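The values are calculated or read from the model by the stated rules, or taken from the named source; none is laboratory data. Being a predicted model, the structure only gives us computed values, none of them experimental. Because the Cβ atoms are built from the backbone with ideal geometry, glycine has one as well, and the counts that use them run over all protein chains shown. Surface areas here come from the heavy atoms of the whole protein model, side chains and all, with no ligands, DNA or RNA. Shrake-Rupley method; radii C 1.70, N 1.55, O 1.52, S 1.80 Å.
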Amino acid sequence: MEQPKWHALVCAGIRWRHAKQPARAIECLTQSIEITRRMPELREETGTNLNYLADLYLQEGMLTEAENAIRQALGMRLGSPGPGRDFAMDDFLILATVLSKQGRHQEAVEAGEKGLAMYRRFHGYFNPLVREVRQRVKELKQNRAQAKKSSRGLAPVKQVG
């Protein structure tokens, strides 16, 4: 059976990403998202593709584009009933990283804490993945503290990412 065009584009985007061709990967993912947006039954796939696109933009240093894509993914996921909302935990962590790299440390901590809370609800408090996310939030808080010191001329800021 032939794959739907949107799915073939996602697969091509993933292949281009692994081939270190980010511009081609972005093009494929953007085209796939354009298709899935027109199909309400593919809302979850659209959110997943926006998440993947945001992460790709983030890796390429395209922070404005990354923030826009991940906020769209979050809006879709949080607006969905049922299990699709659970994927917002990953979206919050990407958003936290983007905001931290933009120097928006308080917002980054808030996004990271929302993601951490969702991870705890979904995986349990003592899950190794939750410990990893907790560490990332701790780093975000350290960045916020360093940024405050730096604004007073005391220390440079280390970015999470």
- prompt: Volume per residue, Å³, of the convex hull around the alpha-carbon atoms of the range 22-113?
  reply: 75 Å³
- prompt: Bin by bin, in steps of 10 Å, what percent of the Cα pairs in the chain do you find, going until the bin that has the longest distance?
  reply: 12, 34, 33, 17, 4, 0, 0
field: Potential lengthening between Asn68 and Ser151 on full extension [0.36 nm per residue; Cα-Cα distance subtracted]
entry: 27.2 nm
- line: Taking a straight Cα-to-Cα line shorter than 28 Å from Lys148, and setting aside same-chain lysines fewer than 8 residues away, one finds Lys101, Lys114, Lys138, Lys158
message: Taking 0.36 nm per residue of sequence separation and subtracting the Cα-Cα distance, how much length would be gained by fully extending the chain between Glu41 and His18, in nm to one decimal?
response: 5.4 nm
query: What's the center-to-center distance, using Cα atoms, between the range 26-85 and the range 120-135 in Å?
result: 24 Å
message: Suppose the chain between Leu78 and Ala8 were pulled fully straight at 0.36 nm per residue; how much longer would it get relative to their current alpha carbon spacing?
response: 22.5 nm
- prompt: With every protein chain present, what is the per residue accessible area of the chain (1.4 Å probe, Å²)?
  reply: 57 Å²
message: Could you put Arg134, Arg17, Arg152 in order of accessible surface area, largest first, with the 1.4 Å probe and the full protein assembly present?
response: Arg152, Arg134, Arg17
query: For the range 1-106, which whole-number percentage of the solvent-accessible area (1.4 Å probe, protein heavy atoms only) is attributable to carbon and sulfur atoms?
result: 54 percent
query: Hey, if we sort Lys20, Lys148 by accessible area with the 1.4 Å probe, largest down, what's the order?
result: Lys20, Lys148
- prompt: So what does Arg131 come to for accessible area, using a 1.4 Å probe and Å² rounded to 10?
  reply: 120 Å²
task: Please name whichever of Val130, Ser150, Ser100 sits farthest to the positive end of the charge dipole of the chain, dipole taken about the Cα centre and charges placed at Cβ: Lys and Arg +1, Asp and Glu -1.
output: Ser150
query: Can you give the calculated 222 nm mean residue ellipticity of the chain, where each DSSP H run of n ≥ 4 adds -39,500 (n - 2.57) and the sum is split over every residue, rounded to the nearest 500 deg cm²/dmol?
result: -25000 deg cm²/dmol
- prompt: Which chymotrypsin sites (Phe, Trp or Tyr not before Pro) in the range 89-157 pass both tests, a DSSP loop state and at most 15 other beta-carbon atoms within 10 Å?
  reply: Tyr125, Phe126
